[in-house]
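Everything on this sheet refers to the single structure shown next.
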Amino acid sequence: MYFNKYQFNKMKVTYFIPFLVSFYIILLFSCNNEDSTNEQQTEDITQDSETRVQEKTWEEFFGTLPCADCSGIETTLRLSSDGSRFQLQSIYLGQKDNEYIQSGNVISQTGYNNNEDAIIYTLMSENERDDSKYFLRKSVTSDTLHMLDQDMKLIESELNYTLVKDQ
């Protein structure tokens, strides 16, 4: 079968152009699906990584701090390993609605009195109504944090103002 030039051009327009347009549309939609699938996989991997990082990158300190109108404040302080964030859980023993949770940023500064190895952690709560809290770590390897007063001085008392690292 032999086609003349007119018939060939008519065939090109009739079959080839719709085929090309269909191919382009299929290609476009398949790329979008792939991207969204890749985005979902990337998001899942990121969430898994963040969960693993969160599980492994916190130091926890525990203790029962004195309380003026209850039998003590059971305290758990979690510091992120990079020293930038904190979570503080306070349970007021012997009171109803006794749990209070704070979180926020940590400002670390080195040196306290004559101890250059000491670190002072300033806990800056996300809730602006909360006062900053200060804790002293006498060295990087110390497993104890000492609560400081609002003037960043050690609290002189027979009561226990320390938190001990969870082993």
Inset, instruction - Specify which of the listed residues (Asp149, Asp131) is at pLDDT below 90, closer than 24 Å to Pro66 by Cα and not polar (S, T, N, Q). - result: Asp131
Inset, instruction - Tell me, please, whether a residue that is touching a residue at least 24 places away in the same chain (Cβ under 8 Å), surrounded by 14 or more Cβ atoms within 10 Å (Cβ to Cβ) and over 19 Å from Ser80 (Cβ atoms) can be found in region 122-130. - result: no
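The values are calculated or read from the model by the stated rules, or taken from the named source; none is laboratory data. Note that this is a predicted model, so its numbers are computed, not measured. Every residue, glycine among them, receives a Cβ derived from its backbone with ideal geometry; neighbour counts consider all protein chains shown.
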